[in-house]
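The values are calculated or read from the model by the stated rules, or taken from the named source; none is laboratory data. Values in this document were obtained by computation on a predicted structure and should not be read as measured data. Cβ coordinates were reconstructed from backbone atoms using ideal geometry, including for glycine residues, and neighbour counts include every protein chain displayed. These accessible areas exclude ligands, DNA and RNA; they are computed on the full protein's heavy atoms, side chains included. Shrake-Rupley method; radii C 1.70, N 1.55, O 1.52, S 1.80 Å.
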Amino acid sequence: MKLILLGAPGAGKGTQAEKIIDKYKIPQISTGDILRENVKNQTELGLKAKEYMEKGELVPDDVIIGIIKDRLAKDDCRNGYILDGFPRTIPQAEALTEALKPDKIDKVIFINVSDDVVIERLSLRRVCKNCGAIYHMKYNPPKEEGVCDKCGGEVYQRDDDKEETIKNRLKVYREQTEPLVKYYSDSGLLVEIDGTKSVDEIANDIDSVLSKIGGN
Ligand code: AP5
């Protein structure tokens with residue numbers, strides 16, 4: 001099963017990907033996570049990506065497309081995967097379509113939310129530095145402040161979850177990523193999910209879409 005999770009920053013892509021990987025045993029490929037890991041390890045890629053990420057801008061297409069092609073060639077992708085945060089521009093989507101030929105993506109799950117919801121979700125989001133578990137200080141706080149329930153790691157606020165950067169990420173999303181809704185709708189792959197529901201309700205809605213795909 002090859003899936004794309006599409007949606008604004010903070011729509012809940014990572015939250016839902018955690019649930020899908022548990023149930024369907026396919027890897028989550030998050031370009032944001034790959035980039036953050038490189039920033040943490042101060043690799044050449046990380047140093048380059050940091051400049052863009054701090055401002056809420058997109059990392060250039062050629063860099064991201066190279067990362068994804070390498071990642072999809074790994075063994076664990078043979079039975080499928082969930083792409084979270086990729087593609088984010090039309091050239092990225094076209095490069096993916098080309099790279100997969102003659103195969104193709106099974107479904108694009110578009111989690112639709114308004115800007116107000118995004119701002120509330122991202123400004124109160126906290127993430128585990130160690131295992132990546134996602135929390136929200138109002139809806140799903142860690143039991144002990146600053147400590148991950150799952151692994152005991154440090155729970156922190158992402159640098160790009162500050163208000164000014166969130167606003168720019170949203171602007172970039174509307175300009176560069178939202179056109180993908182039409183792109184995948186025209187190709188008959190898009191399923192729209194109401195992202196304003198609760199985490200479990202959205203997971204059920206996605207599950208009923210995925211259960212109809214069948215096979216890997
Ligand atoms: P990335 O890490 O991909 O960030 P993003 O797309 O902005 O998405 P987020 O991780 O912020 O949000 P999400 O939808 O996963 O929401 P979450 O589940 O955490 O990218 C970061 C940066 O890397 C980009 O800005 C760019 O610079 C670069 N980059 C990455 N990919 C790139 C690409 N392909 N091309 C170029 N550049 C790229 O949920 C958010 C919060 O809401 C959490 O607190 C959660 O607990 C809560 N929540 C979730 N669902 C619900 C719900 N239903 N009800 C209540 N609360 C909820």
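Any idea of the accessible area per residue across the range 1-61, 1.4 Å probe, to the nearest Å²?
Values: 2830 Å² over 61 residues.
Dividing the accessible area of the range 1-61 by its residue count gives 46 Å².
Arranged from highest to lowest average of other beta-carbon atoms within 10 Å per residue, in what order do the peptides 8-16, 108-116, 65-73 appear?
Numbers: 8-16: 24.0, 108-116: 18.3, 65-73: 14.9.
In decreasing order of mean packing, 8-16, 108-116, 65-73 become 8-16, 108-116, 65-73.
Would you calculate the volume per residue, in Å³, of the smallest convex hull containing every Cα atom of the chain? Spell out each step's value before the answer.
On the way: hull volume 26.1 nm³, N = 216.
So the per-residue Cα hull volume is 121 Å³.
Can you return the lysines within cross-link range of LYS50? Criterion is Cα-Cα under 28 Å, with same-chain partners fewer than 8 residues away left out.
LYS13, LYS40, LYS69, LYS74, LYS129, LYS150, LYS162, LYS167, LYS171
Loop-only check: which chymotrypsin sites (Phe, Trp or Tyr not before Pro) in the range 137-216 are DSSP coil with at most 13 other Cβ within 10 angstrom? Working shown, then result.
Numbers: sites: TYR139, TYR156, TYR173, TYR183, TYR184; in loops: TYR139.
Here the sparse-neighbourhood loop sites are TYR139.
Out of all DSSP beta bridges with both ends in the range 73-216, state the antiparallel percent to the nearest 5. All intermediate terms of the calculation are to be shown ahead of the outcome.
Working: 8 of 13 bridges.
Counting only bridges with both partners in the range 73-216, antiparallel ones make up about 60 percent.
Counting only protein heavy atoms and using a 1.4 Å probe, what share of the accessible area of the range 5-78 belongs to carbon plus sulfur, as a whole percent? Kindly include the intermediate steps, with their values, before the conclusion.
Numbers: 1900 of 3920 Å².
Taking all protein chains in place, the range 5-78 shows 48 percent carbon and sulfur surface.
What three numbers, in Å, describe the spread of the alpha carbons of the range 1-87 along their principal axes, ordered from the longest?
Largest first, the range 1-87 extends 35, 28, 21 Å along its Cα principal axes.
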